Amino acid sequence: MKEGGELILYTTLGCSLCEKAKKEIWPLLARFDLRLHAVDIADDAYLLERFQSIIPAVGLGDPEDVCLWPFDRLQLQTWLIQRLG
């Protein structure tokens, strides 16, 4: 498994669903040796167009390969295993 990477949370200011997503994300960070990095989609035209109606989403760097909300801890864990081993 790749280790020491970032799990990107695509978010924006005032996203209440993003706060709910964080509750599912936090317990998995240590297991996969990941740091959570929040990216505000409002700061990037491409990300804003891509995610404006589907945040929160999490990814490992490729904005085309993301786990979309709603997800629970098990779904996110499965998504991470498929990508990180």
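Among the residues of segment 34-54, are any over 17 Å from ILE81 (Cα atoms), in contact (Cβ under 8 Å) with a residue 12 or more places away in the chain, out of contact with any Asp or Glu (no Cβ under 7 Å at 6 or more places or on another chain) and assigned to a loop (DSSP other than H, G, I, E, B)? Can you show your working first?
Within segment 34-54, the subset over 17 Å from ILE81 (Cα atoms) is 37-54.
Filter once more, so that each one left must be in contact (Cβ under 8 Å) with a residue 12 or more places away in the chain: 37-42, 46-47, 50-51, 54.
Among the residues that remain, those that are also out of contact with any Asp or Glu (no Cβ under 7 Å at 6 or more places or on another chain) are: 38-42, 46-47, 50-51, 54.
Subset that is assigned to a loop (DSSP other than H, G, I, E, B): 54.
Looking through segment 34-54, at least one residue is over 17 Å from ILE81 (Cα atoms), in contact (Cβ under 8 Å) with a residue 12 or more places away in the chain, out of contact with any Asp or Glu (no Cβ under 7 Å at 6 or more places or on another chain) and assigned to a loop (DSSP other than H, G, I, E, B).
Based on what the data block shows, is TYR10 assigned to a helix (DSSP H, G or I) and either surrounded by fewer than 12 Cβ atoms within 10 Å (Cβ to Cβ) or without any contact (Cβ under 8 Å) to a residue 60 or more places away in the chain (or both)?
Values: assigned to a helix (DSSP H, G or I): no; either surrounded by fewer than 12 Cβ atoms within 10 Å (Cβ to Cβ) or without any contact (Cβ under 8 Å) to a residue 60 or more places away in the chain (or both): yes.
Taking the combined requirement at face value, the residue does not satisfy it.
Could you list all residues from segment 67-85 that are within 16 Å of LEU29 (Cβ to Cβ) and in contact with a Leu (Cβ under 9 Å, 6 or more places away or on another chain)?
Residues satisfying the conditions are CYS67, ARG73, LEU76, GLN77, LEU80, ARG83, LEU84.
Only one residue in GLN82, GLN77 is assigned to a helix (DSSP H, G or I), of a type outside the set (A, V, I, L, M) and either in contact (Cβ under 8 Å) with a residue 24 or more places away in the chain or surrounded by 14 or more Cβ atoms within 10 Å (Cβ to Cβ) (or both), so which one is that? Give the steps one after another, and end with the answer.
On the way: GLN82 fails: either in contact (Cβ under 8 Å) with a residue 24 or more places away in the chain or surrounded by 14 or more Cβ atoms within 10 Å (Cβ to Cβ) (or both).
Matching residue, one of GLN82, GLN77: GLN77.
Going by the structure shown, is PRO63 assigned to a loop (DSSP other than H, G, I, E, B), at pLDDT 95 or above and surrounded by fewer than 18 Cβ atoms within 10 Å (Cβ to Cβ)? Walk me through how you get there before you give the answer.
Values: assigned to a loop (DSSP other than H, G, I, E, B): yes; at pLDDT 95 or above: yes; surrounded by fewer than 18 Cβ atoms within 10 Å (Cβ to Cβ): yes.
Here the answer is yes, as PRO63 does meet what is asked.
Residue by residue through segment 32-53, note down the ones that are surrounded by fewer than 20 Cβ atoms within 10 Å (Cβ to Cβ), at pLDDT 95 or above and over 12 Å from the mean Cα position of the chain (by Cα).
Result: ASP33, ALA42, ASP43, ASP44, ALA45, TYR46, LEU47, LEU48, GLU49, ARG50.
The values are calculated or read from the model by the stated rules, or taken from the named source; none is laboratory data. Treat the numbers as computed from the prediction; the structure is a model and nothing was measured. Counting neighbours? That spans all protein chains shown, and the Cβs are built from the backbone with ideal geometry, glycine included.
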